[in-house]
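Please read the structure below before turning to the comments.
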């Protein structure tokens, strides 16, 4: 997901500035819908791996919303959010990959997935 956001920033936004100006509000609306939907679905999940997945989708909505502001602060925030959730040693919270490694798998857990 982070590679897609980087591609949107470096390639799509620079190659298609008129298309970005036209579709910006619609994409921002889809980003807000993705934020809310990803968070709501993550709240009702029973499996921790699905919680991680849906919360990652919700966080990428914030990245997309920051990109669609087309301001210095919004673009910097989107890049910071991408690098913050990546597996960098200076981040204060574990990355999604670390959460996936610590989440129980069906082979190691006593109960099976529904």
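The values are calculated or read from the model by the stated rules, or taken from the named source; none is laboratory data. Everything numeric here is computed off the predicted structure, so don't read it as measured data. So basically every Cβ, Gly included, is an ideal-geometry build from the backbone, and we count neighbours across all protein chains shown.
Side notes on the structure shown:
- Residue 36 vs. criteria within 28 Å of residue 11 (Cβ to Cβ) and either modelled with pLDDT under 85 or part of a helix (DSSP H, G or I) (or both): yes
- Taking the criterion of being surrounded by fewer than 13 Cβ atoms within 10 Å (Cβ to Cβ) and in contact (Cβ under 8 Å) with a residue 40 or more places away in the chain, the only residue of region 31-54 that qualifies is 46.
- Yes/no for residue 5 being out of contact with any strand residue (DSSP E or B) (no Cβ under 8 Å at 6 or more places or on another chain), closer than 19 Å to residue 81 by Cα and touching a residue at least 60 places away in the same chain (Cβ under 8 Å): yes
- Taking region 47-114 as the region of interest, the helices (runs of 4 or more DSSP H) fully inside it that hold 3 or more residues being within 26 Å of residue 20 (Cα to Cα) and at pLDDT 90 or above are 48-69, 72-85.
- No other residue among 12, 28 is in contact with a helix residue (DSSP H, G or I) (Cβ under 8 Å, 6 or more places away or on another chain), without any contact (Cβ under 8 Å) to a residue 12 or more places away in the chain, closer than 18 Å to residue 74 by Cα and assigned to a helix (DSSP H, G or I) apart from 12.
- Yes/no for residue 19 being assigned to a helix (DSSP H, G or I), out of contact with any strand residue (DSSP E or B) (no Cβ under 6 Å at 6 or more places or on another chain) and surrounded by 14 or more Cβ atoms within 10 Å (Cβ to Cβ): no
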